[in-house]
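Just below is one structure, and these are the notes that go with it.
The values are calculated or read from the model by the stated rules, or taken from the named source; none is laboratory data. In this text, all values refer to a predicted model and were calculated from it rather than measured experimentally. Ideal geometry is used to build each Cβ from the backbone, glycine not excepted, and the neighbour counts take in all protein chains shown.
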Amino acid sequence: MKTILLTILLLAAVPISLSTQTAAQPAPAQANPGSALAKGNPNVQSLLTAADVEKVGGFTGIKQVLDGNNVTFRTQDNKPMLKVEVHVRGDRLYKGTKASENFHASVSGIGDDAFDGPSDKFNLGVSSAGGKPQPYFLWFVKADTSVRLMTYADSSQPRFYLSQDKLRQMAKIMASRL
């Protein structure tokens, strides 16, 4: 019964990406043509690469699947482990989310501003050994671009693929490339 309840909570807390694109389908070569990312700034897939995720996360065989200005990184067995959303002119969206109840804590040293979430009040995800909910996303803004990194739960173990520390390392890499 505990396993079923944990599975239901994980599914409710961690968004599931249902994409028709598979690893066998070629990804578009660049971000949406109208976005600032396609007009001289690094394209979304170069802000964080599969090699970066492997190095920081300690994984091998990571696949990168591009969907517009979003990238999902998948494990060797094709499970989503990290989603990165890039929002050009997304500072307003960032500020609105930070002001909402999804805000957990400010994070320093990444871009112009950063925070993690969701708040303990809304976090139904995986808990630490002490029973405290663990934030599973990190959002930062640099200039007028905001980026949200969100880790998924490993269904074979009750934990997230990436810790907040690893999400912060990846965010610093991305902020340096913007």
Q | Matching residues in region 99-116 - criterion: being buried (at least 19 other Cβ atoms within 10 Å of the Cβ) and among the small types (Gly, Ala, Ser) | A | 111, 114
Q. Which of the residues belonging to region 41-98 are part of a strand (DSSP E or B), of a type in the set (A, V, I, L, M), free of Cβ contacts under 8 Å to residues at least 40 places away in the same chain and surrounded by 19 or more Cβ atoms within 10 Å (Cβ to Cβ)?
A. 71
Q. Take the residues of region 99-136 that are among the charged types (D, E, K, R) and closer than 16 Å to residue 167 by Cβ: which is modelled with the lowest pLDDT?
A. 116
Q) Scanning for something more than 17 Å from residue 141 (Cα to Cα) and not aliphatic (A, V, I, L, M), does region 86-95 turn up at least one residue? A) no
Q | Single unsatisfied condition, residue 52 versus (1) modelled with pLDDT under 95; (2) under 18 Å from residue 166 (Cβ atoms) | A | (1)
Q. Within the group 162, 149, 167, which residue is within 11 Å of the chain's Cα centre (by Cα) and part of a helix (DSSP H, G or I)?
A. 167
Q. Where residues in region 149-170 are more than 14 Å from residue 118 (Cβ to Cβ) and touching a Ser or Thr at 6+ places or on another chain (Cβ under 7 Å), which of them is surrounded by the most Cβ atoms within 10 Å (Cβ to Cβ)?
A. 162
**Q.** Filtered residues of region 67-107 (kept if hydroxyl-bearing (Ser, Thr, Tyr) and within 13 Å of residue 45 (Cβ to Cβ))
**A.** 72
Q: Only residues that are under 21 Å from residue 175 (Cβ atoms) and basic (Lys, Arg): list them for region 67-105, please.
A: 83, 89, 92, 95, 98
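Of the residues in region 49-95, how many are in contact with a Leu (Cβ under 9 Å, 6 or more places away or on another chain) and among the small types (Gly, Ala, Ser)?
Selection size over region 49-95: 1.
For region 99-112, how many residues are under 16 Å from the mean Cα position of the chain (by Cα) and in contact (Cβ under 8 Å) with a residue 40 or more places away in the chain?
3
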